[in-house]
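*Asks:* Take a look at the following structure, please.
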């Protein structure tokens, strides 16, 4: 018996490797193709700084998408992220500009608010067994509403330390530079990848996405893990909000409208299954870059309106969801 | 020699679900170094007892002691930490993770919080080698067969340094070689002093492996016996609470039917599913379909029910040519189909017994003409009683019923339509011996009443006992049609399958 199993396993091996990595490889291939096409078509496109600008313009989205990856890997969804980003910008701007609080106090407070919001939603989702969609939808309205309690107008941030950090550019070799936000975003992505692959929390996330029932019966801390992913997502949204306020130097209740959908799109284009249990953080990073590069290409094109971004993202999403379907059908 | 002190003792265990008394006053003990079989029909309370023991359910009464100390588990994690590991009927692992992870998740080898993947894979390989299994542990679990997944589950349970190992129907999806391998592993663990609680519907396996057995019936304890002191017939009698006379009654072969044909299939076939076949089912006749899994049994059933479309041939009902484009047309012609996969294709688990039973009748009438509540109640009460559905409560959710009773609900749904041809696809799979006998008796009665039955089953004895004639399938081809006379035995059928009907 064992020899039969051994041979069948060997026969299946190449297919297995391919099917696990296909979505990520497809995204990487797409990204490379877009970059090459852009380089051929537009002058000045094929430079390192263009890529870095994609990072600079999308650092906040990357951080938010990292949190979303955790949630989606467990098979859940978090619709509140965009609103939490807006709330974070609003709280930061209001406290610093209107009340004169120092950034060193404001930033930790904002991160705490986001985490607590996520924690609360996670607890409701788990202990009351309510669909994440509904709970985070409620969280979205709550956070968006709180923005207008603080103020209905846009508040600009004038704190000298904060603006200094926002405008700082870290020079890289080859006359390239990045913002502080990019460093933070890359560090977050790296830390998240480590957590997902090398810690028990990360593996429990995958296990719950595979089968929550099994995870429970295997004695895994399902409650703690599920609450943790929403807390992580809340934290990442708040951090995303801080980066967003660094990017725009203002706080506004209408900031980041629909960003939750961009984050979900990035995660899905990055190859993570919406049903959970399968996907890589590297895919999410690539997904964010693909979204960012579409915008860059459209701005290089010049004549195309910005809604073409949405059209391309829509088409890409269809393509990737179909790809996932094909892969999971072949697995079955 | 006095038996060693029990490692696990449960006494006076009570558990109640809304409307169902699942366990009442059950005692159970487990000695170290023995294989203890937990016996009972479907719905007797075996699964509930196991779930109570592992902390999935809280108990309503009674006490559990592990090594002399009172315990009350609030979840599988706790019971696992106390040394009780369970391998469930359906493999409860995460198919998306690798084999190695499935064995070690929750207790991965770590250094400074970082999981050591290499060490984990090496240890998993060693562990599985101990169970004579040599596979790539970094491959996802989903790439292996159910038998291998089962072994992985056992490897996980054993490695959690279990003192008590619960195997809930681990053999139901294994072939005989795999069962032997499992038993070798079980004997080794037993020799190491682990107490094993074993549940299986296969009596031969129970007698081969177990030392002692506890029998449950209807949520109550019947008794504890040494396997060597209790004969198989006595055991079955104790499980079903009556003698095997019901089964014996059917031993006489059914008399041949000489009525007019009801359904005639002529060279009916469907490309890729079933080669063209010719089969006639007479009124009041039971036709058995025998053949291996995947030989085309279900495909024939689906063609006759209009669930699939025939690509060749013709079908006549009452001598009149018909084309069954949809199941609905087949239902209008008096054909009913009880599917093989009762959970996925038949029952709605969150509806009550009554709602499930009247579903097909309601569909026939159309939604604009609801069935009056009184008619519903009459019909449902009649069939709940006729089929002996337990608990006899039409408002119980089907989800809460045992497998055998769910099967009966599905049968009742089709029987109230009073079909002329009833197609039963594996109606007795996975249900216990008592419910099986009841369903078999029912088939015989229905056929005596003039209903034609197409009976699909993997159990040749059963096919032989019930059928007037047996159609044998092999490799998606109907290879022989054998009248059920004195010359027909399971041996003959098996030979026909093996030889492809050439002789």
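*Asks:* Across region B:345-418, what fraction of all alpha-carbon pairs, as a whole percent, falls in each successive 10 Å bin from zero upward?
*Replies:* Answer for region B:345-418: a P(r) of 21, 59, 19, 0 percent.
*Asks:* Sum -39500 (n - 2.57) across every DSSP H segment of at least 4 residues in chain B, then divide by the residue count to get the 222 nm mean residue ellipticity, nearest 500.
*Replies:* The helix-only estimate for chain B comes to -10000 deg cm²/dmol at 222 nm.
*Asks:* Given a Förster distance of 35 angstrom, what is the FRET efficiency for residue A:321 paired with residue B:114, based on the Cβ-Cβ distance and rounded to 0.05?
*Replies:* Computed FRET efficiency for residue A:321 and residue B:114 comes out at 0.55.
*Asks:* Based on the Cα coordinates of the protein assembly as shown, what is the per residue volume of their convex hull in Å³?
*Replies:* Output value, Cα hull per residue: 222 Å³.
*Asks:* What percent does the relative contact order of region B:345-418 come to when contacts are Cα pairs within less than 8 Å and at least six residues apart?
*Replies:* 50 percent
*Asks:* Under 1.5 on a/c is rounded, so check that first for region B:54-103, then, if it is not, pick prolate when a/b is larger than b/c and oblate when it is not; a ≥ b ≥ c are the square roots of the alpha carbon gyration tensor eigenvalues.
*Replies:* Prolate is the answer for region B:54-103, as a/c is 1.5 or above and a/b outweighs b/c.
*Asks:* So what is the relative contact order of chain A, in percent, for Cα pairs below 8 Å that sit 6 or more residues apart?
*Replies:* Once normalised by length, the contact order is 34 percent.
*Asks:* Kindly identify region A:198-332 as rounded, prolate or oblate by the Cα gyration tensor criterion: order the square roots of the eigenvalues as a ≥ b ≥ c, call it rounded if a/c is under 1.5, otherwise compare a/b with b/c, prolate if a/b is larger, else oblate.
*Replies:* Because a/c hits 1.5 or more and a/b fails to exceed b/c, region A:198-332 counts as oblate.
*Asks:* So if I take the centroid of the Cα atoms in region B:114-169 and the same for region B:80-102, what is the distance between those two points in Å?
*Replies:* After rounding, the separation between the Cα centres reads 9 Å.
*Asks:* In deg cm²/dmol, rounded to 500, what helix-only [θ] at 222 nm does chain A give when every DSSP H run of at least 4 residues adds -39500 (n - 2.57) and the total is split over its residues?
*Replies:* So the helix-based figure for chain A works out to -26000 deg cm²/dmol.
*Asks:* Separate question: For chain A, set up a GNM with springs between Cα atoms under 10 Å and report which of A:111, A:201, A:304 has the largest fluctuation.
*Replies:* Comparing A:111, A:201, A:304 in a Gaussian network model of chain A, the most mobile one is A:304.
*Asks:* Please work out the Kirkwood hydrodynamic radius for region A:26-331, using every pair of different C-alpha atoms, and report it in angstroms with one decimal place.
*Replies:* For region A:26-331, inverting the mean 1/r across all distinct Cα pairs yields 19.8 Å.
*Asks:* So how much slack lies between residue B:375 and residue B:184, counting 0.36 nm per residue of separation and subtracting their Cα-Cα distance, in nm?
*Replies:* Taking 0.36 nm per residue and subtracting the Cα distance, the gain is 63.2 nm.
*Asks:* In nm, to one decimal, how far is the modelled label at residue A:191 from the one at residue A:300, with both set 7 Å along Cα→Cβ?
*Replies:* 3.3 nm
*Asks:* Which residue, A:103, A:132, A:173, has the most motion in a Gaussian network model of chain A that connects Cα atoms within less than 10 Å?
*Replies:* A:173
*Asks:* Starting from the Cα-Cα distance between residue B:132 and residue B:192, subtract it from 0.36 nm times their residue separation and give me the gain in nm to one decimal.
*Replies:* Length gained between residue B:132 and residue B:192: 19.9 nm.
*Asks:* Compute the long axis of helix B:146-159 from its Cα atoms, compare it with the longest principal axis of the Cα atoms of chain B, and write down the angle in degrees, 0 to 90, nearest 10.
*Replies:* In chain B, helix B:146-159 runs at an angle near 20 degrees to the longest axis.
*Asks:* While we're on this one: Rounded to the nearest 5, what is the percent of antiparallel bridges among the DSSP beta bridges in region B:8-244?
*Replies:* 60 percent
*Asks:* Now, a different point. Subtract the Cα-Cα distance of residue B:176 and residue B:266 from 0.36 nm times their separation in residues, and report this length gain in nm to one decimal.
*Replies:* Once the chain is fully extended between residue B:176 and residue B:266, it gains 28.6 nm.
*Asks:* Moving on to the next point. Which of these, A:271, A:209, A:151, has the largest mean-square fluctuation under a Gaussian network model of chain A (Cα springs below 10 Å)?
*Replies:* A:151
*Asks:* Could you work out the relative contact order of chain B, using alpha carbon pairs under 8 angstrom and six or more residues apart, expressed as a whole percent?
*Replies:* Relative contact order for chain B comes out at 15 percent.
*Asks:* Then there's this: How shielded is B:138-145 by partner chains, expressed as the average number of their Cβ atoms within 10 Å of its Cβ atoms?
*Replies:* Counting Cβ atoms of other protein chains within 10 Å of each residue's Cβ and averaging gives 5.
*Asks:* Still on this model: Between region B:318-379 and region A:222-240, what is the separation of their alpha carbon centroids in Å?
*Replies:* Region B:318-379 and region A:222-240 have Cα centres spaced 47 Å from each other.
*Asks:* Largest first and to the nearest Å, give the Cα extent of chain B along each principal axis.
*Replies:* Computed over the Cα atoms, the extents are 76, 50, 49 Å.
*Asks:* So, one more: With each pseudo-label sitting 7 Å past Cα toward Cβ, what's the residue B:259-residue A:127 distance in nm, one decimal?
*Replies:* Placing both labels 7 Å beyond Cα along the Cβ direction yields 6.3 nm.
*Asks:* How far, in degrees from 0 to 90, does helix B:353-365 lean away from the longest principal axis of the Cα atoms of chain B, to the nearest 10?
*Replies:* It is inclined by approximately 30 degrees.
*Asks:* Continuing with this model, one more query. I need A:307, B:414, A:101 ordered by Cβ neighbour count within 10 Å, fewest first.
*Replies:* Placing the least packed residue first, the sequence is A:307, A:101, B:414.
*Asks:* Right, something else. Partner chain Cβ atoms within 10 Å, averaged over the residues of B:105-112 - can you pull that number for me?
*Replies:* Taking all residues of B:105-112 together, the mean is 4.
*Asks:* Taking R0 as 51 Å, what FRET efficiency do you get between residue B:441 and residue A:275 from their Cβ-Cβ distance, rounded to the nearest 0.05?
*Replies:* 0.70
*Asks:* What whole number of Å gives the distance from the Cα centroid of region B:392-434 to the Cα centroid of region A:283-332?
*Replies:* Cα centroid to Cα centroid, the span is 49 Å.
*Asks:* As I understand it, the value is the acute angle between the Cα axis of helix B:433-448 and the longest principal axis of the Cα atoms of chain B; what does it come to in degrees, rounded to 10?
*Replies:* The helix B:433-448 is inclined about 0 degrees to chain B.
*Asks:* So if R0 is 45 Å, what FRET efficiency would residue A:152 and residue A:175 give, r being the distance between their Cβ atoms, rounded to the nearest 0.05?
*Replies:* Result of the calculation: an efficiency of 0.55.
*Asks:* For residue A:282, put the label point 7 Å out on the Cα→Cβ axis and report which residues of region A:153-191 keep their amide N under 20 Å from it.
*Replies:* A:185-191
*Asks:* Once you place label points 7 Å from the Cα toward the Cβ at residue B:486 and residue A:134, how far apart are they in nm?
*Replies:* Placing both labels 7 Å beyond Cα along the Cβ direction yields 6.9 nm.
Here, each number is a calculation from the coordinates, and none is a lab measurement. Note that the coordinates shown come from a computational prediction; the quantities given were computed from them, not determined experimentally. Note: ideal-geometry Cβ built from the backbone for every residue, glycine included; neighbour counts use all protein chains shown.
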